[in-house]
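Nothing in this text is a laboratory measurement; each read-out follows from the coordinates by a stated rule. Note that the structure is predicted; figures quoted are calculated from it, not measured. FYI the Cβ positions are ideal-geometry reconstructions off the backbone, even for glycines, and counts take in every protein chain you see.
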Amino acid sequence: MITENLAVLSLQQIPGTTPAMLLTIHRKFGGFSRFIDDEPKDLPPELSALLQAYRDGAGTYLDRAQQILLELKSQNVAVLTLADADYPRLLREIHRPPVLLYVRGDSSSLALPQIAIVGSRHASRTGAELAEQFATTLAASGFAIVSGMALGIDGAAHRGALKTGKTIGVLGTGIGQIYPRSHNDLFLQMIEEGGTLVTEFPPGCPARAENFPRRNRIISGLSLGVLVVEAAVRSGSLITARCAMEQGREVFAIPGAIHNPRAKGCHQLIRDGAALVETAGDIVNQIGGLLAYKQEEVGNTLSGGVGLGERASQLLAAMDFAPMAIDNLAERSGLEAGCLLGLLVELELQGLVENSGGRYSRIK
């Protein structure tokens, strides 16, 4: 049986294959290699034709897929399919999850609780400063900051997050394409300083207008909540916010001056039920319920406030009274970074640890 990565990449090489067809295969068979290797019966006509096309040219399609995997490996790009255990759980649960993700950089960030920050490409100076400030504070608190690598608010959010923590850029192009070109330095900085780049589009895919709304559902799908800093009434940022609402995520918006066209989208979101926020603390306070969900995902075993679970006790024993970064805590405790934040939040709520600028110290 061939690997899932090789199977889905082989199927992608067949003319006429669509993301919808691949998603149907995954949901029907639980994976792509099983579809290829088994003798499935009662297939819809389009899947029957796809399987026959694969079998008619299997050698060619497998060779192409293997070459793609070799090229991606040489570029330090990982491939995650819906069948992989490391595929982000929140993203897996949206209506149309991407069947395949290309990931470059620190893939461990995908296991952290994530908050998206989006907004206008033509941001005001104040808007860009707010995006950077919110990102810096939220990243220092242990959240990975997700955005779309665009000009304006997106770029400010990524830069702010890099000052204190992790950031994830979701691309509307192939993994090797830099768009916009003026963000070349930001792309390089993210790779060099522990950021992560993610896309569902295959290598070499250029920037196309129709790809960016598809990208927006991934930005919101990865995240516990979406913060809109500045946005016009008709904008990609509002598409991201609508996706978030449909996906059951929290939506936050920063209000602005009533005559500022960049604030009208935020005001519309607030009228539609988005939470008005003024500080990063407002977001942290409201997202507690979804953090609890994330704690369950990473296997937090804390015991309902009566005492500490095994992992929390293990983490507390590994901590010093001097502040420590999450990476150092992970190394010392032997726990994965994705598990640590939920444990640290619970320990902080119980008054056992203190968070100071993203560095944690034991206080009892």
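With 10 angstrom as the radius, rank 81, 240, 279 by how many other C-beta atoms surround their C-beta, starting from the fewest.
Arranged by neighbour count, lowest to highest, 81, 240, 279 become 279, 81, 240.
For the Cα atoms of the chain, what angle does the longest principal axis make with the long axis of helix 211-222, in degrees from 0 to 90, nearest 10?
Approximately 50 degrees, to the nearest 10.
What percent of all Cα-Cα pairs in the range 107-289 falls into each 10 Å bin, going from 0 up to the bin containing the maximum distance?
11, 43, 37, 9, 0
Which log10 I(q)/I(0) values, to two decimals, does the chain give at q = 0.15 Å⁻¹ under the Debye formula with one point per Cα?
Log-scaled intensity ratios, in q order: -1.26.
For residue 129 and residue 92, calculate 0.36 nm times their separation in residues minus their Cα-Cα distance, and state this gained length in nm to one decimal.
Difference between extended and current length: 10.1 nm.
Let me have the 222 nm mean residue ellipticity of the chain computed from DSSP H runs of 4+ only, each contributing -39500 (n - 2.57), with the sum over all residues rounded to the nearest 500.
The per-residue figure over the chain is -14000 deg cm²/dmol.
Rounded, prolate or oblate: which fits the range 1-74, taking a ≥ b ≥ c as square roots of the Cα gyration tensor eigenvalues, rounded meaning a/c under 1.5, else prolate when a/b beats b/c?
Since a/c reaches 1.5 and a/b is larger than b/c, the shape of the range 1-74 is classed as prolate.
What does a probe at residue 39 reach in the range 1-31, counting residues whose amide N is under 18 Å from the point 7 Å along Cα→Cβ?
Residues 1 fall inside that zone.
Give me the one-decimal nm value for the distance between modelled label points at residue 257 and residue 356, 7 Å along each residue's Cα-to-Cβ direction.
4.0
Between residue 18 and residue 151, what length in nm is gained on full extension when 0.36 nm per residue of separation is reduced by their alpha carbon distance?
44.9 nm
For 21, 319, what's the fewest-to-most ordering of other Cβ within 10 Å of each Cβ?
With the sparsest Cβ surroundings first, the list reads 21, 319.
Given R₀ = 22 Å, what would the calculated FRET efficiency be for residue 214 paired with residue 29, taking r from the Cβ atoms and rounding to 0.05?
With R0 = 22 Å, the Cβ-Cβ based efficiency is 0.40.
If you rank 199, 60 by fewest surrounding Cβ atoms within 10 Å, what's the result?
Lowest count first: 60, 199.
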